[in-house]
Every structure is written in structure tokens, then in C-alpha cells.
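Engineer: Have a look at the structure that comes next, please.
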Amino acid sequence: MNIWFILIAITVLSFIVQQMLQSRFNKYSKVGLPSGMTGAEVAQKMLHDHGIYNVKVVPTRGMLTDHFNPQTMTVALSEGVYSSRSVAAAAVAAHECGHAVQHAMGYAPLRMRSALVPVVNFASNIVQWVLLLGVILMNVFPGLLWFGIILFATTTLFSFVTLPVEINASSRAITWLAQTGITDGQTRPMAIDALKWAAYTYVIAALGSLATLLYYIGIARRD
């Protein structure tokens, strides 16, 4: 199968998944939690329920910019999550706290991803230029393109290591939300659905990175 067809298909799928994620978040942002808790309160409770007291829950600007930062030990919740009392807010807040739980427990894939961050940051800053020059100078200096491929491979590896980290965080979130009664029989499927589409974005990103890597390998192996 032509690699260009795969890349185009992945681009289209990425757009569809992003639209579905946005649609689900908007939909479930209008459904209130039975507990009436805000996203910030959900996050704080999940952290404390897991014996984590050294992580702060803070607001951050933007939409779906929520994240856990192990360096500052903060769970940053976006404007639509921090003060919202919706199912979507609870799902996102619990998911990000799932990462804090992983960090506290020394979850192996998270440790691996954290170890890759400096390498990926370095590679991301120069990889496109190295690949471009590598293609241009392929007949003169073929080693440059392979160096670019190695750099890009680290970002691809990072994408795939991210998958179990994100899926596990969502699994922890869903289980905890159900056990605590923050979601009930009606709202739990909504939380699962929202986090499912969020997970799909990481799957598509990983596949897209792999397809791009194979594309450059194909160029490098041409006679």
C-alpha cells in the first residue's frame, strides 16, 4: 500500500477524532455530576484518596490544556474543567490525577516516557531541518538522512510509550469515579466515552508518527 495513502488516511482520521473529541467534551460539559463537585474538587479528592498531598491543583488557560507536571508537582486544569461541575470536567480532572498516581507509584511506562522527554525535546527542535537537509544531500552525505531518521525514531518511540500511560490513567480515573460514586450508572458511560475519544487522539498520533518514519526510511533506502 502506498505510504502517501496511509499518511493521508491518518490525517483525515486525526481530523475526525479531534472533531469527535470536541463534540463529546461539549456534550458532556452540559451534563451535571450527581455529586455536584467541580473539576478542581474531583482532582483534590482523587489525590487525597490515593494519599497524595504534595500535588497542587491549579487553573490554566485554554481549552483541553489539562496536564500533570511532575516537575512542579501540579495538576493544571483548563478553564472548562477547573470550576465546571460536569461529567466531562470530572473525567478530565480524574484522568490528569491518574498521571499523578502513576508518578507516585513509579509506574514504569511513565518513568520511561519521562526519561525520553529531554531526548525528544532536543530531537523535536532540529529533526525537520535534519531530515530536509538529509533528503537534499542524500547522494552526497547519506548519513545525514539516517541521523534524522534516528532522531525522528525517538519521537515515534515516545508516541508509543505514551499510549499505555494515557490508557492506564483513564482506566484509573474511570474506576475511581465509579468506586467513589462521583459518577453513577447514567454518567459513568459518558465519562468512559469522553476519555475513549481522548485516547484515540494518542493512537492516531502514534500511527502517524510511525507512518512518517517509514516514509523517510523508504527514501533513505532508495538506490
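Engineer: Would you call Thr175 of a type in the set (S, T, N, Q), part of a helix (DSSP H, G or I) and under 15 Å from the mean Cα position of the chain (by Cα)?
Structural biologist: Here the answer is no, as Thr175 does not meet what is asked.
Engineer: Quick one: which residue in Val92, Val75 is in contact with a Gly (Cβ under 8 Å, 6 or more places away or on another chain), under 19 Å from Leu195 (Cα atoms) and either outside any loop (DSSP other than H, G, I, E, B) or free of Cβ contacts under 8 Å to residues at least 60 places away in the same chain (or both)?
Structural biologist: Criteria check complete, one pass: Val92.
Engineer: In addition: Which pairs do you get when a residue that is touching a residue at least 40 places away in the same chain (Cβ under 8 Å), found in the stretch 101-112, comes within reach of a residue that is in a helix (DSSP H, G or I) and among the basic types (Lys, Arg), reach meaning Cβ atoms under 6 angstrom, with the pair 6+ apart or on two chains?
Structural biologist: Pairs that qualify, where the first residue is touching a residue at least 40 places away in the same chain (Cβ under 8 Å) and the partner is in a helix (DSSP H, G or I) and among the basic types (Lys, Arg), are Val101/Arg172.
Engineer: Something else now. Quick check on this structure: which one of Met73, Met46, Met112, Met105 is at positive phi and at pLDDT 95 or above?
Structural biologist: Going through Met73, Met46, Met112, Met105 in turn, just one is at positive phi and at pLDDT 95 or above: Met73.
Engineer: Those residues that are within 9 Å of Ala40 (Cβ to Cβ) and touching a strand residue (DSSP E or B) at 6+ places or on another chain (Cβ under 7 Å), I need them from the stretch 76-92; list them, please.
Structural biologist: Of everything in the stretch 76-92, those that are within 9 Å of Ala40 (Cβ to Cβ) and touching a strand residue (DSSP E or B) at 6+ places or on another chain (Cβ under 7 Å) turn out to be Leu77, Tyr82.
Engineer: Any idea how many residues of the stretch 132-172 are in contact (Cβ under 8 Å) with a residue 24 or more places away in the chain and not in a helix (DSSP H, G or I)?
Structural biologist: Qualifying residue count for the region: 1.
Engineer: Can you report the number of residues in the stretch 182-200 which are farther than 22 Å from Asp49 by Cβ and part of a loop (DSSP other than H, G, I, E, B)?
Structural biologist: Count: 1.
Engineer: Here is a further query. Please go through (1) under 14 Å from the mean Cα position of the chain (by Cα); (2) over 30 Å from Ala93 (Cα atoms) for Ile167 and return the number of the only condition it doesn't satisfy.
Structural biologist: Condition not satisfied by Ile167: (2).
Engineer: Which pairs have Cβ atoms under 7 Å, sit 6 or more apart or on different chains, and link a residue in the stretch 186-206 that is free of Cβ contacts under 8 Å to residues at least 40 places away in the same chain to one that is assigned to a helix (DSSP H, G or I) and charged (D, E, K, R)?
Structural biologist: The qualifying pairs are Ala199/Glu166.
Engineer: Among the residues of the stretch 28-60, what is the count of those that are without any contact (Cβ under 8 Å) to a residue 40 or more places away in the chain and either within 22 Å of Gln186 (Cα to Cα) or assigned to a loop (DSSP other than H, G, I, E, B) (or both)?
Structural biologist: Of the residues in that region, 4 qualify.
Engineer: Go through Val117, Val130 for me and flag whichever is β-branched (Val, Ile, Thr), in contact with a Phe, Trp or Tyr (Cβ under 9 Å, 6 or more places away or on another chain), farther than 21 Å from His48 by Cα and surrounded by fewer than 17 Cβ atoms within 10 Å (Cβ to Cβ).
Structural biologist: Val117
Engineer: Could you list, in sequence order, the residues of the stretch 1-21 that are without any contact (Cβ under 8 Å) to a residue 12 or more places away in the chain and either under 18 Å from the mean Cα position of the chain (by Cα) or surrounded by 15 or more Cβ atoms within 10 Å (Cβ to Cβ) (or both)?
Structural biologist: Phe15, Ile16, Gln19
Engineer: Tell me, which residue of the stretch 166-187 that is over 18 Å from Leu47 (Cβ atoms) and at pLDDT 95 or above is surrounded by the most Cβ atoms within 10 Å (Cβ to Cβ)?
Structural biologist: Here the residue is Glu166.
Engineer: Working only within the stretch 181-213, note down all residues that are of a type in the set (Ser, Thr, Tyr) and more than 12 Å from Ala90 (Cα to Cα).
Structural biologist: Tyr200, Thr201, Tyr202, Ser209, Thr212 - these are the residues of the stretch 181-213 that are of a type in the set (Ser, Thr, Tyr) and more than 12 Å from Ala90 (Cα to Cα).
The values are calculated or read from the model by the stated rules, or taken from the named source; none is laboratory data. Treat the numbers as computed from the prediction; the structure is a model and nothing was measured. Glycine also receives a Cβ, built like all others from the backbone with ideal geometry; neighbour counts cover every protein chain displayed.
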